[in-house]
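My structure is below; once you've seen it, I'll send some questions.
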Amino acid sequence: MDKFWESQGLDPKTGRNLNHAKNPIRQGISTIFFVFYVMMGGNPFFVVLPASLPIIRHTPSEGITSEAKAALEALNARGLVLPGTGIPTVIHSVFQTPVIHFVQVDEEALVSQGHSILGSKVYSLVDPSTGKSKGGKHAYILGFGQLQYAEMHAALLSKLSSACSPSLAGFARGGSGGGGAVAGGGGAVAASHTHGGKTHSTPTCGHALCTHLHNIKAGHAAIVLPVFEYRCKNGSTKSIVIMGFEKGSWNLFCEKMEDTDNGCWIATIARALREEAKIFPSRYLEDSDIRLGKPIGKTPVFYVQLDRSMVIHDLSRGVLNAQVAADNSDRSLPPCYKEIQAIGFFERVENRLVPVPGNPAGLSNTFSSVVQSWLSS
């Protein structure tokens, strides 16, 4: 989104107005940028003002010394929340633009759509994966289109789905504190089964794949193989498996299901793609994107068929390994983002793996026991 930020007179690396001080919130003179969202059915929807960006600019009043208080002031100033709404306890910043903050709002804390003097629309809830409001209208303006929504969506998903980072706390109705949990989906709970000493309820995500895996009592984890058609220099194509180098060997991407996944294996797969494979989808994954392989033990194996339209970046080792380096050097990220040292491409030829020329240099072509089990299956 660099061109978009530059068109707004902002530094594309920070989102800041270069004329402002480096720590403007402490001086109360600078604009702060927020993206407010609500969770609906387990998915985020941006709160967008009429004919506006999803990014809300706000200059805090004198004396405000925290982003949390400034966020609440911004919501109140625009009449978006009910009186007595509490201060948020956690705010997460957008990837590579740390001055722009995602703030989760409890849907019940929002005013009704007609709650204004003239009864006009106060805001729209926009699905960031499509850039469309719940009414089906495009919410594009000022050069901020579907691509920009997709980039911000991917940045938010990387925060929401981190198994290691603190859970996002939203706004509570009433009181001055930020207590009260925000529901991230749910619904009726059906039959359950026990695996690994934990009781798992029937997934409510609606995915046929997840219902099937629950019914056969599959292990609550995921072994993920991102695959795509790689174009060779001679113009031919071949199917490539993306793998990660960790602890001295190449490995498949493995992720344990977390409570926040609510029994949804596809949510677990999406987290593995973001945290380990450094792949940022441009939309929600669907049943049709995924093919089941032979499980390893009780753990399901998932092939995720990628194409360039499914991600917000190039499917290249240069891009993926740059993200590996950025995550590993980012002190604000939890350890689960730093398990991978490099990303490589491999072609499977019967029961062996052939590295595609151009993999990171200096790494041995040894493979983990998980990979060996997969090759022998």
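So which GluC sites (Glu not before Pro) in the range 256-327 end up in coil per DSSP with only 14 or fewer other C-beta atoms within 10 Å? List each step's numbers first, then the result.
Working: sites: 258, 275, 276, 286; in loops: 258, 276, 286.
In loop regions of the range 256-327 (DSSP not H, G, I, E or B), the sparsely surrounded GluC sites (Glu not before Pro) are 286.
If you filter the range 240-284 for trypsin sites (Lys or Arg not before Pro), then keep DSSP loop positions with at most 16 other Cβ within 10 Å, what is left?
Details: sites: 247, 256, 271, 274, 278, 283; in loops: 247, 278, 283.
Taking the range 240-284 and a limit of 16 other Cβ atoms within 10 Å, the loop trypsin sites (Lys or Arg not before Pro) found are 247.
Please work out how much length the chain gains when fully extended from residue 51 to residue 137, using 0.36 nm per residue of separation minus the C-alpha to C-alpha distance, in nm with one decimal. The partial results should precede the final answer.
Values: separation 86, 0.36 × 86 = 30.96 nm, distance 1.16 nm.
My answer for the length gained is 29.8 nm.
Per 0.36 nm of contour for each residue apart, how much would the distance between residue 202 and residue 215 grow if the chain were fully extended, relative to their Cα-Cα spacing?
Working: separation 13, 0.36 × 13 = 4.68 nm, distance 0.84 nm.
Between residue 202 and residue 215, full extension yields 3.8 nm more.
Note the full-extension length gain between residue 352 and residue 319 as 0.36 nm times their separation in residues minus their Cα-Cα distance, in nm to one decimal.
Values: separation 33, 0.36 × 33 = 11.88 nm, distance 2.61 nm.
Residue separation times 0.36 nm, minus the Cα-Cα distance, leaves 9.3 nm.
In addition: How do 33, 253 line up, fewest other C-beta atoms within 10 Å first? It would help to have the intermediate numbers written out before the result.
Values: 33 22, 253 28.
With the sparsest Cβ surroundings first, the list reads 33, 253.
Kindly flag which residue pairs out of 132/278; 134/298; 217/278; 233/278; 137/256; 238/298 have an alpha-carbon separation exceeding 32 Å in this structure.
On the way: 132/278 26 Å; 134/298 39 Å; 217/278 29 Å; 233/278 24 Å; 137/256 37 Å; 238/298 30 Å.
Correct reply: 134/298; 137/256.
7 Å from Cα along Cα→Cβ at both residue 234 and residue 61: what's the point-to-point distance in nm?
7.2
Once you put a point 7 Å from the Cα of residue 366 and another 7 Å from the Cα of residue 336, both along the Cβ direction, what distance in nm separates them?
Reported label-point gap for residue 366 and residue 336 is 2.8 nm.
Something else now. Work out Dmax and Rg for the range 223-377 from the C-alpha atoms and quote the Rg first, both in angstrom.
14.9, 47
Just so you know, all these numbers are worked out from the coordinates, no wet-lab data involved. A quick note: this is a predicted structure, and the numbers were derived from the prediction, not measured. Counting neighbours? That spans all protein chains shown, and the Cβs are built from the backbone with ideal geometry, glycine included.
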